[in-house]
Amino acid sequence: MSKNPVSEKGATYHEIMSQTEAWQGALTAVANQTQAIAELWRSGQYKNVVFTGCGSTYYLSLAAAALWQEFIQIPAKGVPAGELFLYPTATYGPAAPGRTLLVAISRSGTTTETVVAAQGFRAAGRGEVIVITNYGDTPLARAGNYVIAIPEGQEESVAQTRSFSSMYIAVTALVLTLAGREDLLAAMPNLPAIGNKLMESYAPAARTLGENLGLDRFYFLGSGPRYGLASEVNLKMKEMTLTHSEPFHFFEFRHGPMSMVTDSAAVIGLLSDEKWELESAVLTEMADLGGHTFALAEEKGDVCFHSGLPAAVRNVLYLPILQLMAFYRAKAKGLNPDRPANLTAVVQLDLENH
Ligand code: F1P
C-alpha cells in the first residue's frame, strides 16, 4: 500500500518510526480544507455529530467524539460502522430535530461497513458526510461530501500505527478549527519534532516492557478523550502480539477488572495532568496488588512527554511508545508484527442483499 521504503526491521517498525511525517501531512490536509469545512459546518446547522469507523477507526471515533464534546457544544458520539448498518435506529438514536454530520474514518476507504454506512446516511437524507482517510480515491471518499486525505499515513502493515495517528491528528485539527481555537491549532506543528524526540528517548523503555514475557495480560487505562486511545493500543497488543488485553476508563478498573491483577499483569495508564492524582492513584493501588504498572504523562510518569503543549494537542503522544512496545513484544514472541494472525488489512463483506 505504501510508497515508502521499508526498513530491515519490517513495515510496522518503519511505519511507527516515520509517523511524524504523516502528522505534518495531516495538518496540511486539514489546513487546505479549512474554508470549505467551516462553510459546510456553518450552513449545515447540525444538531449532532456521529463519528464512525471499524476496528482502529472505531476507536478513533470514540476519541474524536470525546474531543469534540470537550470543545464544541453539540452532542457527538462514536459508533462502529457495522452497528449503523445493522441497527441504524438504535445507533443513531431518535431522529433529532435537525441535521446530523457524519464523520466516516477509514485508513483504506474500502471497509464495507463504513462505506455502506456513509452511503446509507446520505441516501436517507440525514445530513452530510466528512471522510477522513489515507486513500483519497476510494468508494468511501466518493461517498463523502468532503474528504480529508492523508496519503503520508498509508501503510504496508495490517495493524494501523502511522495511519491511526495521522488521522487522529487530522481529527484534532478539525475539531480545533471548527471550535475556532487558533491558539491551540498554532501549537500543533510542534508535534512532529516532539514525537521524534519521544521515540528516541523512550524506545529502550518500550523495548524492555515489550520484551518482558513474564507479563501475560495487559490493561490500558485512559479517561475522557484518552479512552479511545487506550482502546487503540489495546488492539495493537491483540493484533500484533496475540496477547490478552483490554482497555478501561481509570475508575472503572476498580469495579471488577482489578480482580484480574496478578504479578503477570501490566496496567498501563495514559495519565492526564488535570486528574493526575486521581488517575495515578489507580495505578498505585494496582501496583500494591502486585501488578506491573507503567505510566505515560506530560511530567510525572515512566514516559514523560515534556512537550509544553496544551492537553488537547498532545494526546497523540500517548501512541508511539505503546505501539513500539507492541512491536517489541511481537518480536520477542517470535511473531511477525506486519502480518497478524487471522487478519487482513481490510474487511470486505457482501451486504448487497441484506
Ligand atoms: C479498519 C480495520 C483495521 C484492523 C483490521 C481490519 O480498517 O478494522 O483497524 O486493523 O485489520 O480493518 P479501515 O476501515 O480503517 O481501513
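See the values below:
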quantity: The lone exception for S259 - which of (1) without any contact (Cβ under 8 Å) to a residue 40 or more places away in the chain; (2) part of a helix (DSSP H, G or I); (3) over 13 Å from G291 (Cα atoms); (4) open to solvent by 30 Å² or more (accessible area, probe 1.4 Å) it fails; calculated: (3)
quantity: Candidate set from segment 307-347 (those that are surrounded by fewer than 13 Cβ atoms within 10 Å (Cβ to Cβ) and modelled with pLDDT of 90 or more); member that is nearest to the ligand (Cβ to nearest atom); calculated: G334
quantity: Residue check, V282 of a type outside the set (F, W, Y), part of a helix (DSSP H, G or I) and open to solvent by less than 10 Å² (accessible area, probe 1.4 Å); calculated: yes
quantity: Enumeration of residues in segment 40-56 that are away from the ligand (no atom under 16 Å from the Cβ), aromatic (F, W, Y) and open to solvent by less than 30 Å² (accessible area, probe 1.4 Å); calculated: Y46
quantity: Qualifying residue in segment 212-234 (condition: of a type in the set (D, E) and closer than 28 Å to N342 by Cβ); calculated: yes
quantity: Qualifying positions in segment 210-236 - part of a helix (DSSP H, G or I) and either open to solvent by 10 Å² or more (accessible area, probe 1.4 Å) or farther than 17 Å from L271 by Cβ (or both); calculated: G210, G224, P225, R226, Y227, L235, K236
quantity: Single unsatisfied condition, M240 versus (1) within 16 Å of the ligand (Cβ to nearest atom); (2) touching a strand residue (DSSP E or B) at 6+ places or on another chain (Cβ under 8 Å); (3) of a type in the set (A, V, I, L, M, F, W, C); calculated: (2)
quantity: Candidates I74, I37 - the one that is surrounded by fewer than 23 Cβ atoms within 10 Å (Cβ to Cβ), assigned to a loop (DSSP other than H, G, I, E, B) and of a type in the set (A, V, I, L, M); calculated: I74
quantity: Residue in segment 57-70 that is more than 13 Å from the ligand (Cβ to nearest atom) and more than 26 Å from T161 (Cβ to Cβ) present; calculated: yes
quantity: Filtered residue count, segment 136-152, keeping only those that are touching a residue at least 24 places away in the same chain (Cβ under 8 Å), within 16 Å of T28 (Cα to Cα) and surrounded by 22 or more Cβ atoms within 10 Å (Cβ to Cβ); calculated: 4
quantity: Residue, most open to solvent (accessible area, probe 1.4 Å), within segment 153-168, restricted to residues that are within 8 Å of the ligand (Cβ to nearest atom) and not hydrophobic (A, V, I, L, M, F, W, C); calculated: Q160
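The values are calculated or read from the model by the stated rules, or taken from the named source; none is laboratory data. Computed from a predicted structure; not experimentally measured. Every residue, glycine as well, gets a Cβ built from its backbone with ideal geometry; the counts of neighbours run over all protein chains shown. Accessible surface is based on the protein model in full, side chains and every heavy atom, while ligands, DNA and RNA are left aside. Shrake-Rupley method; radii C 1.70, N 1.55, O 1.52, S 1.80 Å.
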